[in-house]
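What follows draws every value from the coordinates through simple rules; no lab data is involved. A quick note: this is a predicted structure, and the numbers were derived from the prediction, not measured. Backbone-built Cβ (ideal geometry, glycine too); neighbour counts: all protein chains shown.
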Amino acid sequence: MSSYKVLLINPPRINGIAWTREGRCQERETTLGTFKPPFTLSLIASLLREHKINFRVVDANALNITSNEICDLLLREDFIPAVIIYCTTTPTVINDTKSVSIIKERFQSKIIAFGPQISGAPRETMEKLPAIDIGIIGEPEFTIMDILEQDDIANFEGVRGIIWRDSSGIYTNNTRDWIEDLNQLPIPAWDLFPTDKYRVPLINEKYLIVETSRGCPFACEFCVTQLNHGLKFRERRHEVVVNEIEYLKDRYSIKFFNLFGDTVTFNKEFVEKFCDELIKRRLGIKWFANTRADTIHDGDLVKKMKESGCWMLSIGIESFNEYTRKSMQKKIKIDEIKNAIRLLREAGIISFGFFIYGYPGETERDLYETTSFACSLPLDYANFYPAIPYPGTAFYRRCEREGYLFQNSWSKMEYSYYILRTKDLNEDIVMRAISNAYIRFYLRARFIFGHIRNIGWLSLVAGFAKYGLKLLSMKLKDFPMRRRVN
């Protein structure tokens, strides 16, 4: 293995705002009231340590430090990186690369970027951001190890799954197969990260990510999952996942765990065995994850999930409109959504619904009907997002082909903006409808009393002080009380 010194960095905040740059998750801290731990970066750190590579880790996002402060830190440690590796996303790639370039120029390093933006638009990204020397397409872990095995840090013709440049041009190598056996990946090197900084919103508990699976066969049109992990579902063994949870609980005094997978509850057999193992070991932990409504239909299994420590499940509901769900390839039915949320409520598992507003073909009336549907469900929490066409997705290609992209700006491909324009919708209409949805959903007595039931009075007051006032100020500024839509 190489003798290169390697810097792993979660880039600095952007204008003081923390971001999640992990897998398909690419949002501001204000979106969910938290930022996720950089799981993939911690996994790479563990691999580098196993191979005895000289490296440093800096989570500048969590520590809220700048690129210049990172340079000063490295100089004090006499650590001059030959290679800098960072994860990035579509809305942050320009600012991230600018921040990392400051370190690159200071130490004359090579920089390697990975994440959904690189996988989705590799050549366009390399052309627009010449500071990037290597972009990783797909899963980065073993690709990075192959790069670091090269004797010549300037020539990467034999490394699969990358796009790279030299003085004569930009080259795209052959694709790399997805990692088949996820069980061979090590436990992430969380000891190198500021784990006290990663908190569950509202209850302010420490948490870490534990991966269960990769790949999703459902292929929703808007989702970047297939760019990161492909369509083929691959899963870790249930006992391996529980072993990791037990280790992290003991090592870091962690009680809450985000089970990370593109479709965590896809395999019923895994879920049953996983829950049985947690119950048998009596670890006393709580876990939460994303799920699909059509995988939550067995009441006995849902009860077992609760017994094992399932605290909350997030469900992509997207829209009340059946045509919209078909258009986005979201193959779920209204009855499946209602049944899943009912089962979670009966079992005492918190439900969190996600909705997308402004999909091509929708009208303003459709947006308000989705809001009414969200308020009619026994959901505990909900988030309402504008439709975003991330580069590399089928949705992006359709929007580009049919002329819906009003602003083709990477920095605005995030939940603060609506960059499409259709026959019936524009940014003003969609963002006003989203503000309406937040106000209608969260200023109900049903929500407030349910929230107190979930987290208690003290957490309610603390959470509202930290997140609620900020959310309301953001949403009220462009919220006229709902007007009639014919």
- Relative contact order [Cα under 8 Å, 6+ residues apart], the range 274-355, whole percent: 38
- Note on the structure: Taking the alpha-carbon centre of each part, the distance from the range 1-68 to the range 350-381 in Å is 33
- Task: Kindly point out, ordered by number, any Cys in the chain whose beta-carbon has no other cysteine beta-carbon under 4.7 Å away.
- Result: Cys25, Cys71, Cys87, Cys216, Cys275, Cys310, Cys375, Cys399
- Message: With θ taken as phi - 60° and the coefficients 6.51, -1.76 and 1.60, list the Karplus ³J(HN,Hα) couplings across the range 317-327 in order, rounded to whole Hz; mark glycine and proline as x.
- Response: 8, 6, 7, 6, 6, 5, 4, 5, 4, 5, 4
- Cross-link pairs Lys232/Lys330; Lys197/Lys249; Lys197/Lys255; Lys304/Lys333; Lys206/Lys280; Lys268/Lys304 - those with Cα-Cα distance over 19 Å: Lys304/Lys333; Lys206/Lys280
- By the mean-Cβ-within-10 Å protection proxy, highest first, 397-406, 39-48 rank as 39-48, 397-406
- Task: Let me know the Rg and Dmax you get for the chain when you use only its Cα atoms, in Å.
- Result: 22.3, 68
- Query: For the peptides 136-143, 11-18, what is the packing order when you average, over each peptide's residues, the other Cβ atoms within 10 Å and list the highest mean first?
  - Reply: 136-143, 11-18
- Task: Apply the Karplus parameterisation 6.51 cos²θ - 1.76 cosθ + 1.60, with θ equal to phi minus 60°, to every residue of the range 427-437 and state each ³J(HN,Hα) to the nearest whole Hz, in sequence, with x for glycine and proline.
- Result: 4, 4, 5, 5, 5, 5, 5, 5, 4, 4, 5
